[in-house]
1. Going by what's in this entry, would A303 be described as within 21 Å of F414 (Cα to Cα), within 16 Å of the ligand (Cβ to nearest atom) and not in a helix (DSSP H, G or I)?
2. Taking the conditions exactly as written (farther than 30 Å from P394 by Cβ, open to solvent by 30 Å² or more (accessible area, probe 1.4 Å) and aliphatic (A, V, I, L, M)), does L592 satisfy them or not?
3. Which residues, counting only those in the stretch 370-427, are within 13 Å of the ligand (Cβ to nearest atom) and basic (K, R)?
4. Can you spot a residue in the stretch 136-145 that is under 20 Å from F188 (Cα atoms) and either of a type in the set (V, I, T) or more than 33 Å from the chain's Cα centre (by Cα) (or both)?
5. For the stretch 6-14, state whether one or more residues are assigned to a helix (DSSP H, G or I) and surrounded by fewer than 17 Cβ atoms within 10 Å (Cβ to Cβ).
6. Please go through the stretch 447-498 and pick out each residue that is outside any helix (DSSP H, G or I), touching a strand residue (DSSP E or B) at 6+ places or on another chain (Cβ under 9 Å), farther than 20 Å from D511 by Cβ and of a type outside the set (G, A, S).
Amino acid sequence: MCGIFGYRGKDLQLVYLLEGLKKLEYRGYDSCGVIAYNLGKFLCKKNSGKIEELKESLTDKLNNKYSSALLHTRWATHGKPIKLNAHPHKSSKKNIHVVHNGIIENYLELKKKLKKKGYKFKSDTDSEITANLIASFYKGSIEEAVFSAVKKLKGAFALGVLSEFEPDKIIAVRHKSPLLIGAAAEGFFLASDLPAIVSLAKEAVYLKEKQIAVLSAEKIKLYDFNGKRAKVNKEKINIKTVSTNKKGFKHFMLKEIYQQPKVLRDTLDIYTKNNQINFGQLKLTKKYLKGVKNIFITACGTAFHAAHVTKYFLERHTNIKVEIDTSSEFRYRDFNVNKGDLFIAISQSGETADTLAALKKAKKRKAKILSICNVIGSSLARESDSFIYTPAGPEIGVASTKAYTTQLMCLYLFCLHLATIKNTISKTNKNNILKELFKIPLYQKKILRQNKKIAMIAKKFSKAGCFLFLGRGINFPSALEGALKLKEISYIPAEGYPAGEMKHGPIALIDEYRAVVCIAPMDDLHEKMVSNLQEIKARRGKILAIINPADAEIPSFSNQIIYIPKLKFQEISPLLVVVALQLFAYSVAKNLGAEIDQPRNLAKSVTVE
Ligand code: AGP
């Protein structure tokens with residue numbers, strides 16, 4: 001995924017334009033560039049590396065003002081992260097500059113045709129063809145050329161286009177990749193995502209699928225891909241949801257770990273009223289939910305682990321058949337979702353290509369679509385029949401933390417709502433679980449207060465060559481999530497495994513060099529976990545146990561221990577276990593001096609396949 005930032009207005013200093021782009025750096029950060037125009041002059045500069053380096057290469061221009069500008073920060077899909085492949089790309093004829101987010105699936109075929117027309121290519125990217133394609137249709141109107149060109153493109157593309165012959169216009173195109181326009185006194189800002197414009201504009205226009213915007217200094221004109229005018233809808237930007245500074249924390253990830261008690265409190269405030277669950281805005285009627293027999297849940301990465309936890313909880317409290325799969329698998333399977341089944345898609349960004357594709361497949365099969373998402377204007381939210389907003393606020397750290405626990409809290413509440421409608425849970429049981437959910441923010445704070453101790457423990461494990469994370473039942477997904485957190489920010493190989501599977505192979509790994517994180521709250525599988533830990537100890541594995549303070553058995557054969565508060569309903573313990581695992585992963589990565597907020601090769605949302 002990449003970040004697009006643009007401006008069209010009276011004039012704005014370059015330093016502010018670069019600041020706007022920096023707010024999108026979490027989307028991709030291997031190379032970046034700018035094309036800017038004012039009073040007959042153009043500035044065009046691009047670099048491999050981060051925006052800070054680009055800024056350093058433009059120190060003498062930072063106070064210059066520009067009236068039209070396009071900026072881009074890249075996460076490489078086609079072509080290495082080098083200067084030549086950075087955006088903007090300029091057409092080899094007619095001087096048209098383009099920034100792109102997405103993937104052009106038919107770029108090779110188009111490249112061949114454009115070469116025959118005499119167009120030259122400098123980069124190995126798919127994006128560069130969009131500049132030459134638009135140029136090939138240019139006859140004096142840049143918007144007309146764009147209308148013609150987009151009809152030839154296949155794949156996902158958000159584009160920003162600037163023609164040197166008509167520098168007073170910025171053209172924006174949205175197709176399967178987000179773009180929004182902020183309207184401010186200084187003019188219009190174009191951005192891939194809200195964080196880039198929230199401190200600049202009070203209103204936003206979310207481009208819809210297959211829409212083209214023409215930005216001049218005074219106004220926005222909207223068209224569909226056939227050139228037909230569309231209505232411009234300005235929506236108020238909810239400032240509360242967007243704050244993108246570290247507030248004294250060393251990394252966004254640590255800040256977001258510490259924000260979890262608050263965002264979970266916010267979630268409970270939004271979705272409960274007088275201590276009862278209240279999904280007032282849910283567009284799935286009680287009548288429909290009562291009749292639901294099959295639920296399919298799809299997501300990627302951390303969001304998939306939330307799906308996994310939900311499966312265990314739903315099976316425990318309802319008679320519904322639940323199937324889960326990662327979106328990249330679901331979308332290519334012939335899974336038998338039918339009309340009326342409930343299809344739940346979970347996504348922090350709401351722009352993950354595989355999850356959107358799986359959702360669209362289920363939609364074609366006439367399933368009801370419910371999305372659980374952290375971005376209100378996202379593609380996922382717009383494609384769904386109903387949408388539960390996770391009020392985590394923008395999550396800047398690439399490793400997902402507060403979005404995960406907010407997804408879990410929303411899903412626990414939704415499952416209790418569903419079980420109540422289906423009459424498969426007693427009122428007492430539901431109320432007792434709900435009462436304990438209300439205590440979670442407090443319990444998480446108890447774990448956060450152990451951060452220094454966890455950092456000491458992490459030091460002892462930072463040299464481990466690889467990690468095994470073990471859990472059972474509803475904490476098997478916690479083991480998967482703990483392993484993902486560690487590997488994606490420390491680059492240490494880590495695997496989450498169902499503890500019951502150890503004797504079927506992984507126990508061969510165990511020796512004195514192996515680190516094993518065992519998740520063993522005092523639930524109905526605790527005794528089984530005790531046996532697992534004894535088997536590991538017997539083979540001199542180094543054990544970090546995540547357990548409750550009352551546990552009298554496990555400490556005697558663990559090397560290190562992190563305590564989490566004991567719950568009456570251990571099926572909600574994933575909300576606590578994961579905080580310990582997040583802090584552990586963060587401290588290990590910090591000890592190794594890793595680039596925690598922007599790990600190599602990753603991006604915050606994978607909008608490409
Ligand atoms: C999580 O730490 C990862 N950054 C990644 O697995 C992420 O969860 C996945 O890409 C899904 O993203 P989404 O929630 O925005 O769809």
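1. Answer is no for this residue.
2. No: the conditions fail for L592.
3. Selection gives K402 alone.
4. yes
5. Within the stretch 6-14, not a single residue is assigned to a helix (DSSP H, G or I) and surrounded by fewer than 17 Cβ atoms within 10 Å (Cβ to Cβ).
6. Across the stretch 447-498, the qualifying residues are Q450, R472, P498.
The values are calculated or read from the model by the stated rules, or taken from the named source; none is laboratory data. Note that this is a predicted model, so its numbers are computed, not measured. Don't worry about glycine lacking a Cβ; one is built from the backbone with ideal geometry, like all the others, and counts go over all protein chains shown. Calculation scope for accessible area: heavy atoms of the full protein, side chains included, ligands and nucleic acids excluded. Shrake-Rupley method; radii C 1.70, N 1.55, O 1.52, S 1.80 Å.
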